[in-house]
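First up is the structure itself, then whatever we jot down about it.
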Amino acid sequence: MIRIQNLHKSLHGGGHKVRIINDLDLHIPAGQFIAITGPSGSGKSTLLGLMAGLDSPTNGDVFLDGKDLTQLDENQLARLRGQKVGIIFQSFYLIPTLTAHENVSIPSELSSGNHSEEKAKEALKSVDLSHRLNHYPRQLSGGEQQRLAVARAFVNNPKLILADEPTGNLDSANSEIIIELLEKLHHQHGVTLVLVTHELDIASRAERIIGLEDGRIVSDTAS
């Protein structure tokens, strides 16, 4: 599903070049659940953004389901994400003026131009939010908002889910609910799941754990 070759990402600031990703190679087979761990500043979130085509590498190649992201323009990248990728962020990024149902409907409307009411309802049902269909984000708890974000990520039946610290803003009880939900949907849909986390107990739930340090892979083990 993902193949990364000789990946480099650097930023320039204050007259200095900062290497964030440094000569990284990685292969993630379709259907695998992997966790990416490492200390703050190790490049975890940057790597996830490069996998999604939300950021561009300084050098190297990122292939997503056989497509070289470095060769696609912004419109092509957006189309590919809409068809094949679901992204879950730590901060939810829900639209406050839209209901739960409307927030979940957005990916299908953007990717196909069609509004599928039943598709959104099924996604909300899968995360146990059918009773919150017409509620706005401000009327939901933090755990419910993240479950809504999970439903939005899965609504188009993507091949790949990228989750960046999805439990970072949640207490331990809600964190467990979100991880169990991701595990369930991963198994039900056979989706490739890449989870960035600094919590080792959460990482241990994955089939494979990638350890990053200074933008390099320092460990790659089966859980």
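Each reported figure results from applying straightforward, stated rules to the coordinates on display, with no laboratory input. As the structure is a prediction and not an experimental result, all values here were calculated from the model. Don't worry about glycine lacking a Cβ; one is built from the backbone with ideal geometry, like all the others, and counts go over all protein chains shown.
Of the residues 194, 18, 150, the one that moves most in a GNM of the chain with alpha-carbon contacts below 10 Å is 18. Using alpha carbons only, how many degrees (0 to 90, rounded to 10) separate the axis of helix 117-126 from the longest principal axis of the chain? With both axes taken from Cα atoms, the answer is about 70 degrees.
So which lysines pass the test for residue 84, namely a Cα distance under 29 Å, with those fewer than 8 places away in the same chain ruled out? Those lysines meeting the cut-off are 9, 44, 67, 119, 121, 125, 159, 184.
Sorting the segments 27-38, 177-188 by their mean number of nearby beta carbons within 10 angstrom, highest to lowest, gives 27-38, 177-188. Of the options [x] 8, 36, 40, 15, 1, 0; [y] 8, 33, 36, 19, 4, 0; [z] 7, 29, 33, 20, 9, 1, only one is P(r) over Cα pairs in 10 Å bins from 0, in percent as computed from these coordinates, and that is [y]. The gain in end-to-end length when the residue 56 to residue 23 segment is fully stretched comes to 10.4 nm, 0.36 nm per residue minus the alpha carbon separation. Diffusion of segment 114-197 by Stokes-Einstein, at 10 °C in a medium of 1.306 mPa s and with Rh set to the Kirkwood radius over alpha-carbon pairs, works out to 121 µm²/s.
Placing unit charges on the Cβ atoms of the charged side chains and taking the dipole of the chain about its Cα centre, the candidate lying farthest along the positive direction among 154, 120, 172 is 120. Tell me whether segment 19-64 comes out rounded, prolate or oblate; compute the Cα gyration tensor, take square roots of the eigenvalues as a ≥ b ≥ c, and use a/c under 1.5 as the rounded threshold. In terms of gyration-tensor shape, oblate. With respect to the chain, whose longest principal axis is taken over its alpha-carbon atoms, helix 172-189 is tilted by about 90°.
Fully extended, how many nm does the chain gain between residue 207 and residue 65 (0.36 nm per residue separation, minus their Cα-Cα distance)?
Details: separation 142, 0.36 × 142 = 51.12 nm, distance 1.99 nm.
Additional length available on full extension: 49.1 nm.
Cα centroid separation, segment 32-73 to segment 163-196: 19 Å. Shown for 104, 191: other C-beta atoms within 10 Å of each C-beta, ranked fewest to most, produce the order 191, 104. Just to confirm the number: angle between the C-alpha axis of helix 100-112 and the first principal axis of the chain, 0 to 90 degrees, nearest 10? Compared with the principal axis, the helix lies near 60 degrees. Working value for segment 1-133: equivalent-ellipsoid semi-axes of 32, 17, 15 Å, each the square root of 5 times a Cα gyration tensor eigenvalue, largest first. A Förster radius of 41 Å, combined with the Cβ-Cβ distance separating residue 110 from residue 172, puts the computed FRET efficiency at roughly 0.75.
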